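What follows is calculated from the coordinates using simple rules that are stated; it is not laboratory data. Computed from a prediction, not measured in an experiment: that's the story for all the values here. All Cβ positions, even for glycine, are placed from backbone atoms using ideal geometry, and neighbour counts span all protein chains on display.
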Amino acid sequence: MRLRRITAGRSPVHGMGLFALQPIAGGERVIEYKGELTSWRRAAARQRSEVGHTFVFGLSDGRVIDGSRGGNSARFLHHACSPNCEAIETGERVFIHALTAIAPGQELFIDYGLSVDGAVTDELRTQYTCHCRASGCRRTMLGSNAASG
């Protein structure tokens with residue numbers, strides 16, 4: 001029987017987060033981001049969560065994986081400006097890999113690097129405020145190109 005390596009739990013960053021239960025080595029595949037494969041338009045139309053909070057993962061072909069529909073605990077990954085994990089897209093699938101060694105009890109983070117159409121306003125930056133508290137925090141979940149816009 002294989003031990004569970006990660007679990008969702010209360011996060012000091014926001015709501016639920018994803019935490020290591022066992023040591024995870026740098027470079028190791030941690031979890032697949034699962035959910036319904038759909039269009040941005042369809043996912044946005046049915047999203048009922050609070051502003052700036054989403055379970056949608058964008059793919060390079062313009063579609064999304066909607067973790068709120070058939071998703072798994074990967075949907076609880078939070079953003080951090082200095083993440084310990086990264087998302088690797090393989091076709092229509094996204095896998096989360098550890099960038100560094102992660103000890104039991106540590107929260108797992110990826111850099112959302114969100115992008116938006118049009119001008120980035122102060123209101124938009126506020127909507128996507130980062131709460132990671134890292135020393136080099138950009139203060140937004142928007143990607144570095146969008147954050148400077």
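Just subtract the alpha-carbon distance of residue 122 and residue 101 from 0.36 nm times their residue separation and send over the number in nm, one decimal.
Computed gain between residue 122 and residue 101 is 4.0 nm.
Once the piece of chain linking residue 59 and residue 92 is laid out straight, how much longer is it, given 0.36 nm per residue of separation minus the C-alpha distance between them?
Values: separation 33, 0.36 × 33 = 11.88 nm, distance 0.75 nm.
Gain on stretching residue 59 to residue 92: 11.1 nm.
Pick the calculated semi-axes √(5λ) of the Cα gyration tensor in Å for this structure from (1) 45, 30, 9; (2) 21, 17, 16; (3) 24, 19, 14?
Checked against the structure: label (3).
Step through the residues of segment 84-98 one at a time and calculate ³J(HN,Hα) from phi using the Karplus curve (6.51 cos²θ - 1.76 cosθ + 1.60, θ = phi - 60°), rounding each to whole Hz and writing x for Gly and Pro.
Those phi angles translate into 9, 9, 9, 9, 10, 8, 10, x, 8, 10, 10, 10, 9, 10, 6 Hz.
Which of these, 19, 76, 95, has the largest mean-square fluctuation under a Gaussian network model of the chain (Cα springs below 10 Å)?
Residue with maximal mean-square fluctuation among 19, 76, 95: 95.
Going by the alpha-carbon gyration tensor, a ≥ b ≥ c the square roots of its eigenvalues, is segment 90-132 rounded (a/c under 1.5) or, if a/c is not under 1.5, prolate (a/b greater than b/c) versus oblate?
On the way: a/c = 4.24, a/b = 1.58, b/c = 2.69.
Taking the square roots of the gyration eigenvalues as a ≥ b ≥ c, segment 90-132 is oblate.
Which residues make up the longest stretch of the chain clear of GluC sites (Glu not before Pro) that lie in a DSSP loop with no more than 15 other Cβ atoms within 10 Å, not counting the sites?
Working: sites that count: 28, 50, 92.
For GluC sites (Glu not before Pro) (loop position, at most 15 other Cβ atoms within 10 Å), the longest site-free span of the chain is 93-149.
Among 94, 120, 13, determine the one that fluctuates most according to a GNM of the chain built with springs between C-alpha atoms less than 10 Å apart.
120
Order by neighbour count: 73, 60, fewest other Cβ atoms within 10 Å first, most last.
On the way: 73 19, 60 6.
Fewest-to-most Cβ neighbours within 10 Å comes out as 60, 73.
Go ahead and set up a Gaussian network model of the chain, Cα springs under 10 Å, then flag whichever of 79, 14, 131 fluctuates most.
14
Please give the calculated 222 nm ellipticity per residue for the chain, where each DSSP H segment of at least 4 residues contributes -39500 (n - 2.57) and the sum is spread over every residue; nearest 500 deg cm²/dmol?
After summing the helix terms and dividing by the residues of the chain, the value is -2500 deg cm²/dmol.
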